[in-house]
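*Asks:* Submitted below is the structure of interest, expressed as structure tokens.
The values are calculated or read from the model by the stated rules, or taken from the named source; none is laboratory data. All values reported here derive from a predicted model rather than from experimental measurement. Every residue, glycine among them, receives a Cβ derived from its backbone with ideal geometry; neighbour counts consider all protein chains shown.
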There are 2 protein chains.
Amino acid sequence: MEVELKEMLDELETLKRSLPDPSHYTTIDKLRLHVEHLTNLAKSAPVRRSKVKDMSAEVVDSNPYSRLMALQRMGIVENYERIREFSVAIVGIGGVGSVAAEMLTRCGIGRLLLYDYDKVELANMNRLFFRPEQVGMTKTDAAVQTLSEINPDVVLESYTLNITTVQGFETFMKSLTNKSFCPSKEGSGVDLVLSCVDNYEARMVVNQACNELNQTWMESGVSEDAVSGHIQLLIPGETACFACAPPLVVASGVDERTLKREGVCAASLPTTMGVVAGLLVQNTLKFLLKFGYVSPYLGYNSLKDFFPTMEMKPNPQCSNVACLERQKEYILAKPARDAAAKAKMEADASSTTECPLHDDNEWNISVVDDSVPDRKDARSSDALPEGLIHELPSADEFQKLPASEASATATDDLEDLRRQLEALNG
Amino acid sequence: MEVELKEMLDELETLKRSLPDPSHYTTIDKLRLHVEHLTNLAKSAPVRRSKVKDMSAEVVDSNPYSRLMALQRMGIVENYERIREFSVAIVGIGGVGSVAAEMLTRCGIGRLLLYDYDKVELANMNRLFFRPEQVGMTKTDAAVQTLSEINPDVVLESYTLNITTVQGFETFMKSLTNKSFCPSKEGSGVDLVLSCVDNYEARMVVNQACNELNQTWMESGVSEDAVSGHIQLLIPGETACFACAPPLVVASGVDERTLKREGVCAASLPTTMGVVAGLLVQNTLKFLLKFGYVSPYLGYNSLKDFFPTMEMKPNPQCSNVACLERQKEYILAKPARDAAAKAKMEADASSTTECPLHDDNEWNISVVDDSVPDRKDARSSDALPEGLIHELPSADEFQKLPASEASATATDDLEDLRRQLEALNG
């Protein structure tokens, strides 16, 4: 736009100079003022931030990564910058998927693959992320627009397709196995698949793809009444797959679309979906950056603020053939897994015994042996500054007190007491 | 902008007509093409949605409230549209406050009061809501810009001030007591105050204001290592106030700013802050729209996915004078409270006994008395279609079986068995 306005200014100048009659100059000057005004308007329009080469921990207002790199200083994450190597695929860019995508983008994830075939509608405005001016755009296009403005460092791949169609599934599989972003990576081309879809058919398709590719993924969902949700980690062969214990609708082979009634829509809330997206991406960060406990299943019941957890082993009678293959492989690899775990444990044990705890820490905290308490110090802390007294007796004095009182009454003369009683009665 | 471009077109037309020499027409036509192109660009720029008078439950793509009004149909909320009557004040428009504001805006809250004195920085981009092009704007201005685009139905009031200054506190108190939005409302001018600040000093100020105004509020916080957070409900006189059990830094009177070190910044994550904002606004919705359980305290430990809860009674030795006054009032009002609770319980009990359960429900579910099981029906279900047999005996047959076997062995001749044994040995 600014280039175009500059051209217009030049053209006006040329026109002015070629005109013989100065009577036309006023109109041309007016036009030039208009162009100049529009140029100023264009200049004040949003400017995108430039790409950042390395994530810096420097504490300056202009560093978009300072608060993330601080996770290393706080001892939460060992190497935060590794996040730039990871690829995450998000299937379904709705109320949960779009917020998950925004969170990962703001965290500086390396690459995001986004899948959806739907368009943005005004009816989506009760959830976070999409804006009314994006109505009519595909969700993938709208997401790429917003996410690239937020963080130009993230590589965004957008797939406007339905993964439940034959062609959609082919493209889905192909995109997941493309390793050009990080050729040295083992396994498929992505580190994690997040399922953020709203129907079982699509979940079964993600399940099929991940079982075939031996791809770890996380599932998420929100109830139709908008007040519950869950996230789940699925590792082919190691945990239950989505078909190992399918929902009744899936198991009974009913087409779930026939269950929906005309003119009835599911409720949804930005709160429940925001919480589920937050729990999902938090689990993703813990999984990728190796910190904390990666939850195998975490539910959210918002009416009672109850968060159920559970673990599900794979079903040896699972109907999914690829799942059974992964289960077999997982069992066969047990000796190798045990040996690796043992070696790691030994390595950890030897490294911790060798180096001293908190040798030189920035807070200058040192560990002092407190097994022999310094009695003298404890006593001296009892001594109060001049002019102050203890309001209550010390523990020792308290123990003595009843004893001295008891001995005092014992020395009282019983005869003396009887005399006093008689005097009162008399 | 479009008006200006229209003017330019007219001016170019006038100029063209006044020029004697057609050699200048080419340049003028070129200019006109430029203006037409710019007009098209301007037309494709975002158009804001118009205001909505009533919240409709109609299921059409263009209804921004259909998914929220569905909460009534799902039986979660009795009257969702009441949300338009409520005013919520949010103090601190940072990582939690901005997301809380967006959630309430998308839920169609009546009025939002936003307080912050800070400016948007690139270092804030690791949390949701603010965009890089808003860097340099005040957080309140940037929030109003985004929120009014998302939902023009919400009345937004923005206060760019520091509530911990004398003047800031005065304006804060005045704004909270302004009842022009809903003059019939009891109490202060807002229904709830949400504290989303990042320091104790500001929390103590919100506490002071709410204790003085007898204003229910909710507190929120995220730890410096970015992996924990909490929300808390504070009802003056009824629950502990923030000064009833103050954090050590507050109790010891240390200026918390002296604890922060040069060049060291707290870590933060969009996930933790998103979850805390989600839990906070969910609790807000439950409180305002009267559904589910309003949590008095809910913690979030993301490393372990642990969500601690607790309740705190007010401290009779609280250092806050206004808190002590509210505590006294609360105790004095106990008989009235008990009477109201009793009356409500009786009213509920009589209403439930009078009207039939699910008299006419849209799912056509009817309750049948099953206290006398139909034995004949139970028997007939035992009868199998022709050609099929029960693989296992029925319960009755199973009971009989061991008895008949026992009687059979009793009739066996012992002499006969001995003969058989001898024959085997022989």
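*Asks:* Out of the range B:56-101, which residues are crowded, with 21+ Cβ neighbours inside 10 Å, within 14 Å of chain A (Cβ to nearest Cβ) and polar (S, T, N, Q)?
*Replies:* Correct list: B:Asn63, B:Ser66, B:Ser98.
*Asks:* Kindly provide the set of residues from the range B:123-147 that are in contact (Cβ under 8 Å) with a residue 12 or more places away in the chain and of a type in the set (S, T, N, Q), ordered by number.
*Replies:* Of everything in the range B:123-147, those that are in contact (Cβ under 8 Å) with a residue 12 or more places away in the chain and of a type in the set (S, T, N, Q) turn out to be B:Asn124, B:Asn126, B:Gln134, B:Thr138, B:Thr140, B:Thr146.
*Asks:* Condition first: within 11 Å of chain B (Cβ to nearest Cβ), of a type in the set (A, V, I, L, M, F, W, C) and under 14 Å from the mean Cα position of the chain (by Cα). Now tell me which residues in the range A:102-139 satisfy that.
*Replies:* Listed by number, the residues that qualify are A:Met103, A:Leu104, A:Cys107.
*Asks:* Which residues, counting only those in the range A:20-36, are among the polar types (S, T, N, Q) and either touching a strand residue (DSSP E or B) at 6+ places or on another chain (Cβ under 8 Å) or farther than 18 Å from B:Asp29 by Cβ (or both)? If you could, list the steps in order and put the result at the bottom.
*Replies:* Start the filter on the range A:20-36 by keeping residues that are among the polar types (S, T, N, Q), which leaves A:23, A:26-27.
Across the range A:20-36, the qualifying residues are A:Ser23, A:Thr26.
*Asks:* Still on this structure: With the requirement that a residue be within 7 Å of chain A (Cβ to nearest Cβ), more than 29 Å from A:Asn63 (Cα to Cα) and of a type in the set (Val, Ile, Thr), what does the range B:261-286 give you?
*Replies:* Residue satisfying the conditions is B:Val281 alone.
*Asks:* Being within 11 Å of another protein chain (Cβ to nearest Cβ) and within 17 Å of A:Gln208 (Cβ to Cβ) is the filter here; which residues of the range A:225-241 pass it? Walk me through how you get there before you give the answer.
*Replies:* Of the residues in the range A:225-241, the ones within 11 Å of another protein chain (Cβ to nearest Cβ) are A:225-229, A:231.
Selection gives nothing.
*Asks:* Condition check: out of contact with any His (no Cβ under 8 Å at 6 or more places or on another chain) and more than 10 Å from chain A (Cβ to nearest Cβ). Does B:Thr258 satisfy that?
*Replies:* Details: out of contact with any His (no Cβ under 8 Å at 6 or more places or on another chain): yes; more than 10 Å from chain A (Cβ to nearest Cβ): yes.
Considered against the rule, which asks whether it is out of contact with any His (no Cβ under 8 Å at 6 or more places or on another chain) and more than 10 Å from chain A (Cβ to nearest Cβ), B:Thr258 comes out as yes.
*Asks:* What is the one condition in (1) within 11 Å of another protein chain (Cβ to nearest Cβ); (2) free of Cβ contacts under 8 Å to residues at least 12 places away in the same chain that A:Pro22 does not satisfy?
*Replies:* (1)
*Asks:* Still on this structure, I have one more. Got at least one residue in the range A:19-29 being closer than 21 Å to B:Ala142 by Cα and out of contact with any Asp or Glu (no Cβ under 7 Å at 6 or more places or on another chain)?
*Replies:* Restricting attention to the range A:19-29, the residues satisfying the condition of being closer than 21 Å to B:Ala142 by Cα are none.
Scanning the range A:19-29, I find no residue that is closer than 21 Å to B:Ala142 by Cα and out of contact with any Asp or Glu (no Cβ under 7 Å at 6 or more places or on another chain), so the answer is no.
*Asks:* Could you tell me which of the residues A:Leu324, A:Leu248, A:Leu289, A:Leu298 is modelled with pLDDT of 95 or more, more than 14 Å from chain B (Cβ to nearest Cβ) and at negative phi?
*Replies:* Working: A:Leu248 fails: modelled with pLDDT of 95 or more; A:Leu289 fails: more than 14 Å from chain B (Cβ to nearest Cβ); A:Leu298 fails: more than 14 Å from chain B (Cβ to nearest Cβ).
On inspection, the qualifying residue turns out to be A:Leu324.
*Asks:* Condition check: touching a strand residue (DSSP E or B) at 6+ places or on another chain (Cβ under 6 Å), modelled with pLDDT of 85 or more, on the phi < 0 side of the Ramachandran plot and assigned by TED's automatic domain parsing to the domain that holds A:Asp191. Does A:Arg111 satisfy that? Before you say what the answer is, go through the steps one by one.
*Replies:* Working: touching a strand residue (DSSP E or B) at 6+ places or on another chain (Cβ under 6 Å): yes; modelled with pLDDT of 85 or more: yes; on the phi < 0 side of the Ramachandran plot: yes; assigned by TED's automatic domain parsing to the domain that holds A:Asp191: yes.
Yes.
*Asks:* If you don't mind, another one. Within the range B:308-321, which residues are under 18 Å from B:Glu219 (Cα atoms) and not in a loop (DSSP other than H, G, I, E, B)?
*Replies:* The answer is B:Thr309, and nothing else.
*Asks:* Search the range A:1-19 for residues being at the interface with chain B (Cβ under 8 Å from one of its Cβ atoms) and over 15 Å from B:Lys30 (Cα atoms), and hand back the single one that is modelled with the lowest pLDDT.
*Replies:* A:Met1
*Asks:* Under 6 Å between Cβ atoms, which residue pairs at least 6 apart in sequence (or on different chains) link something in the range A:321-337 that is farther than 18 Å from A:Val205 by Cβ with a partner that is at pLDDT 95 or above and of a type outside the set (A, V, I, L, M, F, W, C)?
*Replies:* Partner pairs satisfying both residue conditions: A:Gln327/A:Gly237; A:Gln327/A:Pro314; A:Glu329/A:Gly237; A:Tyr330/A:Gly237; A:Tyr330/A:Glu238.
*Asks:* Another question, if that's okay. Looking for something part of a strand (DSSP E or B), of a type in the set (Asp, Glu) and crowded, with 18+ Cβ neighbours inside 10 Å - is there at least one such residue anywhere in the range B:115-135?
*Replies:* From the range B:115-135, those part of a strand (DSSP E or B) are B:115-116, B:119; that's our starting set.
Among the residues that remain, those that are also of a type in the set (Asp, Glu) are: B:116.
Remaining after also requiring crowded, with 18+ Cβ neighbours inside 10 Å: B:116.
Checked against the condition, which is being part of a strand (DSSP E or B), of a type in the set (Asp, Glu) and crowded, with 18+ Cβ neighbours inside 10 Å, the range B:115-135 yields at least one hit.
*Asks:* Which one of A:Arg106, A:Arg49, A:Arg84, A:Arg67 is touching a Pro at 6+ places or on another chain (Cβ under 6 Å) and closer than 30 Å to B:Leu303 by Cβ? Spell out the reasoning first.
*Replies:* Working: A:Arg49 fails: closer than 30 Å to B:Leu303 by Cβ; A:Arg84 fails: touching a Pro at 6+ places or on another chain (Cβ under 6 Å); A:Arg67 fails: touching a Pro at 6+ places or on another chain (Cβ under 6 Å).
The unique qualifying residue is A:Arg106.
*Asks:* Here's something else I'd like to know. Go through A:Arg17, A:Arg32, A:Arg84, A:Arg49 for me and flag whichever is of a type outside the set (A, V, I, L, M), closer than 16 Å to B:Asn126 by Cα and either assigned to a helix (DSSP H, G or I) or assigned by TED's automatic domain parsing to the domain that holds A:Leu112 (or both).
*Replies:* Values: A:Arg17 fails: closer than 16 Å to B:Asn126 by Cα; A:Arg32 fails: closer than 16 Å to B:Asn126 by Cα; A:Arg49 fails: either assigned to a helix (DSSP H, G or I) or assigned by TED's automatic domain parsing to the domain that holds A:Leu112 (or both).
After applying the criteria, what remains is A:Arg84.
*Asks:* Among what's in the range B:301-312 and is hydrophobic (A, V, I, L, M, F, W, C) and more than 7 Å from chain A (Cβ to nearest Cβ), pick the residue that is surrounded by the most Cβ atoms within 10 Å (Cβ to Cβ). Don't jump to the end; show me each part of the working.
*Replies:* We begin by selecting, within the range B:301-312, every residue hydrophobic (A, V, I, L, M, F, W, C); these are B:303, B:306-307, B:310, B:312.
Add one more test, that the residue is more than 7 Å from chain A (Cβ to nearest Cβ), and what stays is B:306, B:310, B:312.
Numbers: B:Phe306: 13, B:Met310: 11, B:Met312: 15.
Taking the candidates together, the pick is B:Met312.
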